[in-house]
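Peer 1: After the structure tokens below, expect a handful of questions from me.
The values are calculated or read from the model by the stated rules, or taken from the named source; none is laboratory data. Values in this document were obtained by computation on a predicted structure and should not be read as measured data. Counting neighbours? That spans all protein chains shown, and the Cβs are built from the backbone with ideal geometry, glycine included.
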Amino acid sequence: MTGKALVARLLAKDHAVRVVVRSPQKFSAAILENPNITVVSANILDLEAEALSEQVKGCDAVVSCLGHTVDVKGMFGQPRRLCTEAVSRLCGAIEQDEPTTPVKFILINTVGVKNSDLNEQRSLMDRGVLTVLHHALPPHRDNETAAEHLFLNVGKNSAHIEWCVVRPDSLIDDQVSAYEITESPTTGIFTGRPTSRENVAHFMIDLISNEEVWNEWRFRAPVIMNAQ
């Protein structure tokens, strides 16, 4: 859903967009017929390395909007490392292409995943909840290891990749509104403010197209919340 909002906004700004998606029919006819979009119908984990390299070749930015569906199969079925494997494969494909200018890699994650570069403070209750999620809910661990791949494996010294981990609070379907970007969570797990998917897409467009915004947040994990 967030990916659809992002694609629509990119096309509205005349960006050339490549999309790898399992179900292209989820996009409107207007989007699929736009001359600036190329759609590959595939599971990104099933693409051969050469085919994936072709998809990232020449891209200024790569965005992973993958997530697990909120049902029993999505929570506990395979692939349990969907986000992590996608991030690893995409970053590997970018590195293999050896772009002359670093590619912006943006990962949508969750406020429940900590920024490992900061000593983020959580309440005792939040720490307990997150510990339970880590051990009991595979998608939460997948989000954690996907972010860790960027922090620890790609790091900040790659000649080919710069990255940003966008951490929204609970996502809702709503229009663009005022929103806040903070370096770390300012609320608890149960007291956070929901985040419009359109606002997340709006912020990612800024990251992609506004160098001042990108330079502020690259190699960081900003938290996005709707304004009060």
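Peer 1: For VAL166, which of the numbered conditions (1) touching a residue at least 24 places away in the same chain (Cβ under 8 Å); (2) crowded, with 17+ Cβ neighbours inside 10 Å; (3) among the β-branched types (Val, Ile, Thr); (4) farther than 25 Å from GLY128 by Cα fails to hold?
Peer 2: (4)
Peer 1: Name the single residue, out of those in the range 202-228 being part of a helix (DSSP H, G or I) and of a type in the set (D, E, K, R), that is nearest to ASP117 (Cα to Cα).
Peer 2: So the residue we want is GLU216.
Peer 1: Additional query: Just checking, which of VAL72, VAL20, VAL39 is farther than 28 Å from LYS156 by Cβ, at pLDDT below 95 and within 20 Å of the chain's Cα centre (by Cα)?
Peer 2: Among VAL72, VAL20, VAL39, only VAL39 is farther than 28 Å from LYS156 by Cβ, at pLDDT below 95 and within 20 Å of the chain's Cα centre (by Cα).
Peer 1: Further, regarding this structure: Can you name the residue in the range 169-186 that is of a type in the set (Ser, Thr, Tyr) and part of a loop (DSSP other than H, G, I, E, B) and is also surrounded by the most Cβ atoms within 10 Å (Cβ to Cβ) among such residues?
Peer 2: SER184
Peer 1: Please specify each residue of the range 75-98 satisfying the condition of being over 20 Å from ALA42 (Cβ atoms) and either of a type in the set (Asp, Glu) or modelled with pLDDT of 95 or more (or both).
Peer 2: Correct list: GLU95, GLU98.
Peer 1: All but one of (1) among the basic types (Lys, Arg); (2) touching a Pro at 6+ places or on another chain (Cβ under 7 Å); (3) without any contact (Cβ under 8 Å) to a residue 12 or more places away in the chain hold for ARG127, so report the exception by its number.
Peer 2: Looking at each condition in turn, ARG127 falls short on (2).
Peer 1: Step by step: first the residues of the range 116-164, then only those that are assigned to a helix (DSSP H, G or I) and polar (S, T, N, Q), then the one that is nearest to PHE219 (Cα to Cα). Which residue is that?
Peer 2: Here the answer is ASN153.
Peer 1: Does LEU11 satisfy the criteria of being of a type outside the set (Gly, Ala, Ser), in contact with a strand residue (DSSP E or B) (Cβ under 7 Å, 6 or more places away or on another chain) and over 30 Å from GLN78 (Cβ atoms)?
Peer 2: yes
Peer 1: Please work out which residue is surrounded by the fewest Cβ atoms within 10 Å (Cβ to Cβ), limiting yourself to the range 187-225 and to residues that are among the β-branched types (Val, Ile, Thr) and under 21 Å from GLU144 (Cβ atoms).
Peer 2: By that ranking, first place goes to THR187.
Peer 1: Moving on to the next point. Identify, by number, the condition in (1) modelled with pLDDT of 90 or more; (2) within 30 Å of LEU124 (Cα to Cα) that ASN157 doesn't meet.
Peer 2: Condition not satisfied by ASN157: (2).
Peer 1: Only one of LEU82, LEU90, LEU52, LEU11 is in contact with a helix residue (DSSP H, G or I) (Cβ under 8 Å, 6 or more places away or on another chain), closer than 26 Å to ASN210 by Cα, crowded, with 18+ Cβ neighbours inside 10 Å and touching a residue at least 12 places away in the same chain (Cβ under 8 Å). Can you tell me which?
Peer 2: Unique residue meeting the criteria: LEU90.
Peer 1: Against the conditions (1) of a type in the set (Gly, Ala, Ser); (2) touching a residue at least 60 places away in the same chain (Cβ under 8 Å); (3) farther than 21 Å from THR2 by Cβ, where does ALA136 fall short? Just the number, please.
Peer 2: (2)
Peer 1: From the residues in the range 116-145 that are crowded, with 17+ Cβ neighbours inside 10 Å and of a type in the set (Asp, Glu), which one is nearest to GLU85 (Cα to Cα)?
Peer 2: ASP142
Peer 1: Just a yes or no: is a residue in the range 67-77 more than 28 Å from ASN199 (Cβ to Cβ) and touching a residue at least 24 places away in the same chain (Cβ under 8 Å)?
Peer 2: yes
Peer 1: So is ILE44 modelled with pLDDT under 95, part of a loop (DSSP other than H, G, I, E, B) and not charged (D, E, K, R) or not?
Peer 2: The answer is yes for ILE44.
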